Amino acid sequence: MNNSRLVEIWVGIFVAAGLAALFMLAMQVSNLSTYSNDAGYEISARFEDISGLKVRSPVTMAGVTIGRVKAIAFDEQTFQAVVTLRIEEQYSETLPKDTSASIYTAGLLGEKYVGLEPGGAMKVLAQGDEIKLTQDSLVLEKLIGQFISRFMDDSGDK
C-alpha cells in the first residue's frame, strides 16, 4: 500500500510538470509573457498588406527587439493598414527619420514581425511620427498564384 502511494505521488508530480510545461509553451507562442511597460514612444507606418501581423508582434532592428506592435487600424480614405509601433524609451534617439519598415516571417510557426532598417538622416523619429518607406508582408498564396500564371503563360506560347 505504501508503494502504491509513492507511485501516485510521482504520477501527480509528472502531470503537474507537464501542465506547467504546456502553460509556458502557450505563453511563449502567444507573446503574453513579454513584459509591457508604457515607457517609450509611438510611431506609425502604413502598409498595403499586413497579412498575419498581430498586436504585440515584435518590432526589431538588426535582430534585436526594440518594441512591439501596439495597434492595427484600417484607413478608409487610403485603403491601407495603419500600424502603430511602440518603441522602447531607450531607443528614443536611435531611429533616423528615413527609417524603413518591412513585415517579415519568423520561425516555424510563421510569426510575423516588423523589421526596421535605419536610414542616414540626422534627425530622429519622435512621438507621433510616421515611417514613410514600407514593404508589405509577402503572402505565399499570391506568390504561388503569380508563379502558376507565369508558368501557364509561358507554356501556352510554345
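Worth a mention:
- Rounded Å value of the spacing that divides the Cα centres of the range 74-145 and the range 1-19: 50 Å
- The portion of the accessible surface of the chain made up by carbon and sulfur, rounded to a whole percent, is 61 (1.4 Å probe; DNA, RNA and ligands excluded).
- Listed residues Gly120, Gly18, Gly67, most fluctuating in the chain (Gaussian network, C-alpha, under 10 Å): Gly18
- Ordering Ala73, Gln90, Ile50 by the projection of their Cα atoms onto the charge dipole of the chain, which places +1 on the Cβ of Lys and Arg and -1 on the Cβ of Asp and Glu, puts Gln90 at the extreme positive end.
- In the chain, helices alone account for a calculated mean residue ellipticity at 222 nm of -10000 deg cm²/dmol, with every DSSP H run of four or more residues adding -39,500 (n - 2.57).
- Across the chain, the longest run free of exposed loop sites, meaning chymotrypsin sites (Phe, Trp or Tyr not before Pro) lying outside DSSP classes H, G, I, E and B with no more than 14 other Cβ atoms within 10 Å, spans 80-158.
- Choice from Ile66, Ile13, Ile103 showing the highest fluctuation, given a GNM over the chain with Cα pairs closer than 10 Å: Ile13
- Net charge of neighbours whose Cβ lies under 12 Å from the Cβ of Asp129, counting Lys and Arg as +1 and Asp and Glu as -1: 0
- Judged by the gyration tensor of its Cα atoms, with axes a ≥ b ≥ c, the chain is oblate; a/c meets the 1.5 cut and b/c is at least as large as a/b.
- Based on the Stokes-Einstein relation at 20 °C and a viscosity of 1.002 mPa s, and on the Kirkwood radius from alpha carbon pairs, the range 45-92 is assigned a translational diffusion coefficient of 187 µm²/s.
- Selected from Thr65, Thr84, Thr94 as most flexible by GNM, with the chain as the system and alpha-carbon contacts under 10 Å: Thr94
The values are calculated or read from the model by the stated rules, or taken from the named source; none is laboratory data. No experiment lies behind these values; they were computed from the predicted model shown. We place every Cβ from the backbone using ideal geometry, glycine too, and count neighbours over all the protein chains shown. These accessible areas exclude ligands, DNA and RNA; they are computed on the full protein's heavy atoms, side chains included. Shrake-Rupley method; radii C 1.70, N 1.55, O 1.52, S 1.80 Å.
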